[in-house]
Amino acid sequence: MEPAIDDAYLVRRAREGYLDAYQVLVERHGPRAYRVALRLLGNREDAEDVTQDALLAAWQALPTFRAEASFATWLCRIVTTRALNKSTRTARTETLNETPDPARGPAEQAEQDLIATAVAEAIDALPAAQRLALILHQFEGLSYSEIAEITDSTVAAVRSHLYRARRTLAITLQDWR
């Protein structure tokens, strides 16, 4: 079994002009970048556009990448910045309920769709900082410190945003319990 090549090596090689090294970084981190963009924007086309734009921007900015954070964190920061700058406000239900469960009957599936819509609308209504912290932590599994790096804030601010987001969602969605 071949050992995995670390991101730092790939970044160095990509800086030297090796496109295949950057391609490995894209294959490794592109799916997360897309998921984050999709959850923030709510539709596939906008998420694809933002992801492609962020990947191109990362390639162009690679010579200035200081490696103070991991490549994944740096790319996620680019994606979130571009996604938040895009002012598209669409329904986000597709990000929460992408594929119907064939084991469910029509009534159960309809109820599940209603719940997914309610959750998506509640997340969409959160202030941007709370929504971003929630998405990065709950959906992408990032740590508080990684989120702080991405959002250029402190760990305490991330904790506060997550607390407020969860409290707001609990109140908003209490009728669905």
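The values are calculated or read from the model by the stated rules, or taken from the named source; none is laboratory data. The model shown is predicted, which means the values in this text are computed figures rather than measured ones. Here the Cβ is made from the backbone with ideal geometry for all residues, glycine too, and neighbour counts use every protein chain on show. We work out accessible area using only protein heavy atoms, side chains counted, and drop any ligands, DNA or RNA first. Shrake-Rupley method; radii C 1.70, N 1.55, O 1.52, S 1.80 Å.
Observations, loosely collected:
- Qualifying residue in the stretch 118-129 (condition: within 30 Å of PHE65 (Cβ to Cβ), assigned to a helix (DSSP H, G or I) and of a type outside the set (Val, Ile, Thr)): yes
- Candidate set: the stretch 146-165, residues that are open to solvent by 60 Å² or more (accessible area, probe 1.4 Å), in a helix (DSSP H, G or I) and at pLDDT 95 or above; chosen: the one farthest from ARG35 (Cα to Cα): ALA156
- In the stretch 156-177, the residues that are among the basic types (Lys, Arg) reach residues that are open to solvent by 50 Å² or more (accessible area, probe 1.4 Å) with C-beta atoms within less than 7 angstrom, at least six apart or across chains, in these pairs: ARG159/TYR144.
- The set of residues in the stretch 34-87 that are among the acidic types (Asp, Glu), open to solvent by 30 Å² or more (accessible area, probe 1.4 Å) and assigned to a helix (DSSP H, G or I) comprises GLU45, GLU48, ASP49, ASP53.
- In the stretch 131-145, the residues that are in contact (Cβ under 8 Å) with a residue 24 or more places away in the chain and open to solvent by 60 Å² or more (accessible area, probe 1.4 Å): PHE139
Okay, residues lined up against (1) modelled with pLDDT of 95 or more; (2) among the charged types (D, E, K, R); (3) closer than 19 Å to LEU40 by Cα:
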position	(1), (2), (3)
LEU55	yes, no, yes
PHE65	no, no, no
SER70	no, no, no
THR73	no, no, yes
ARG77	no, yes, yes
THR80	no, no, yes
ASN85	no, no, yes
GLU94	no, yes, yes
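- Every pair of residues 6+ apart whose Cβ atoms lie under 9 Å, when the first sits in the stretch 15-33 and is open to solvent by less than 90 Å² (accessible area, probe 1.4 Å) while the second is among the polar types (S, T, N, Q): GLY30/THR51; ALA33/THR51
- Residues considered: ARG66, ARG12. Of these, the only one that is closer than 18 Å to THR151 by Cα and of a type outside the set (Phe, Trp, Tyr) is ARG66.
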